[in-house]
Amino acid sequence: MKSGSRLERVLAAGHFAFTGELGPPQGANVEAIKKKANYLKGITDAVNITDNQTAVVRMASWAAGLIAIQEGLEPNYQMVCRDRNRIAMQSDILGAYAHGIRNMLCLSGDHQQFGNHPLTKGVFDIDSIQLINMVKGMRDNKKFLNGDDIDGAPQLFIGAAANPFAEPFEFRVHRLAKKVAAGADFIQTQCIYDMKRFREWMKQADDMGLTEKVNILAGVTPLKSGGMARYMAKNVSGIIIPDEIIDRIVNAKKASEEGIKLCVEQIEELKEMKGVRGVHLMAIEWEHRVPEIAERAKLIPRPQV
């Protein structure tokens with residue numbers, strides 16, 4: 001499958017991929033996107049453009065993705081199932097592709113009760129696995145979900161998310177298998193701090209032959225402070241931060257620098273892990289530190305493909 005995606009070419013050539021993340025602003029401020037894009041340009045193979053993350057209203061993912069293209073980035077267009085029915089989803093997919101977007105990440109989405117419009121009616125017409133399968137059908141079969149022909153099928157490189165840390169743990173690899181069977185070309189994981197459990201999940205995926213069928217990009221997020229480490233460990237669903245890592249950040253002379261150091265160490269470890277094809281760095285409003293992390297982890301210069 002040739003989508004025209006740089007990310008796809010990097011992975012097909014056997015290079016270790018590096019993707020980043022850009023959260024659109026809570027408004028129409030184009031300069032906010034340009035500022036973030038400036039730190040990521042020439043460093044990442046693709047950049048996730050989040051879709052109203054944490055159920056907070058932000059600029060549309062496809063619109064911010066178009067600005068990202070103008071700024072020299074390759075967007076990974078996120079779409080969540082929370083806000084749209086299948087008609088709107090297919091319509092947005094066609095529009096995004098027509099404007100040059102070539103990667104798409106299919107997600108369920110954070111539940112609206114966690115955001116700033118908790119009384120919103122959630123749509124969830126289809127789930128993330130059905131969304132993956134719908135995009136694959138649009139691309140490969142040139143058919144809409146109802147079986148009608150598409151005039152100009154969107155040739156998207158299809159991504160999905162995986163959380164190796166949610167309970168029940170033994171089910172997580174089977175959920176991954178469902179997403180691979182539905183048509184995912186690449187997977188980005190939840191941010192990893194419990195390397196022991198992640199290794200176990202990767203071994204399960206490898207034993208099931210999934211690492212041969214899909215490109216797994218391991219998620220990393222630098223910890224900025226001891227407070228952030230404690231908060232995420234206690235309040236963010238599906239994230240496990242071992243006590244020794246929390247203690248390391250809390251007891252550091254400068255927590256932010258220790259967080260960067262830990263992140264670089266994690267990337268170095270992930271590079272050597274069987275089945276891991278790249279890393280996905282979620283800097284969370286710390287985009288200005290991405291060039292430093294990339295340099296220290298020897299992720300730049302990026303390969304020419």
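A short reminder: the numbers here are calculations on the coordinates, not readings from a lab. Every value quoted in this text rests on a predicted model; they were computed, and no experiment measured them. Backbone-built Cβ (ideal geometry, glycine too); neighbour counts: all protein chains shown.
Structure above, values below:
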quantity: Computed E for ALA60/LYS213 - FRET, C-beta separation, R0 25 angstrom, nearest 0.05; calculated: 0.20
quantity: Among VAL173, VAL214, VAL250, residue whose mean-square fluctuation peaks in a GNM of the chain (springs only between Cα atoms under 10 Å); calculated: VAL250
quantity: Cα centroid of the range 9-86 to Cα centroid of the range 205-279, whole Å; calculated: 21 Å
quantity: Cut-off under 5 Å, modelled amide H: who pairs with LYS143 long-range; calculated: MET138, ILE150
quantity: Dimensions in Å of the range 34-82 - Rg and Dmax from alpha carbons; calculated: 10.8, 32
quantity: With eigenvalues of the C-alpha gyration tensor scaled by 5 and rooted, the range 1-136, Å; calculated: 24, 19, 13
quantity: Hits among aspartates and glutamates - C-alpha to C-alpha of LYS136 under 13 Å, sequence gap 8 or more where chains match; calculated: ASP185
quantity: Subset of LYS143/LYS178; LYS179/LYS271; LYS36/LYS261; LYS36/LYS298; LYS36/LYS253; LYS143/LYS196 violating a 31 Å alpha-carbon distance limit; calculated: LYS143/LYS196
quantity: Tilt relative to the chain, helix 61-70 - C-alpha long axis, 0 to 90 degrees, to 10; calculated: 80 degrees
quantity: Stokes-Einstein D for the range 172-246, Kirkwood Rh over Cα pairs, 4 °C, 1.567 mPa s (µm²/s); calculated: 96 µm²/s
quantity: Karplus (6.51, -1.76, 1.60) ³J(HN,Hα), θ = phi - 60°, over the range 19-26, in Hz, Gly and Pro reported as x; calculated: 10, x, 9, 9, x, x, x, 7
quantity: Anchor LYS41: aspartates and glutamates whose Cα lies under 17 Å away (excluding residues fewer than 8 positions away in-chain); calculated: GLU21, GLU31, GLU71, GLU74, GLU285, GLU287, GLU292, GLU295
quantity: Dipole moment magnitude, nearest 20 debye, the chain about Cα centre, only Lys, Arg, Asp, Glu C-beta charged; calculated: 180 debye
quantity: Kirkwood Rh in Å, taken over all unlike Cα pairs in the chain; calculated: 19.6 Å
quantity: Tail fraction, Cα-Cα pairs, the range 135-264, threshold 19 Å, whole percent; calculated: 58 percent
quantity: Net charge over other residues, Cβ less than 12 angstrom from the Cβ of ALA98 (K, R count +1; D, E count -1); calculated: -1
quantity: Around VAL47: net Lys/Arg minus Asp/Glu count, Cβ-Cβ under 10 Å; calculated: -3
quantity: Base-10 log of normalised Debye intensity for the range 227-305 (one unit scatterer per alpha-carbon) at q = 0.13, 0.15 Å⁻¹; calculated: -0.47, -0.62
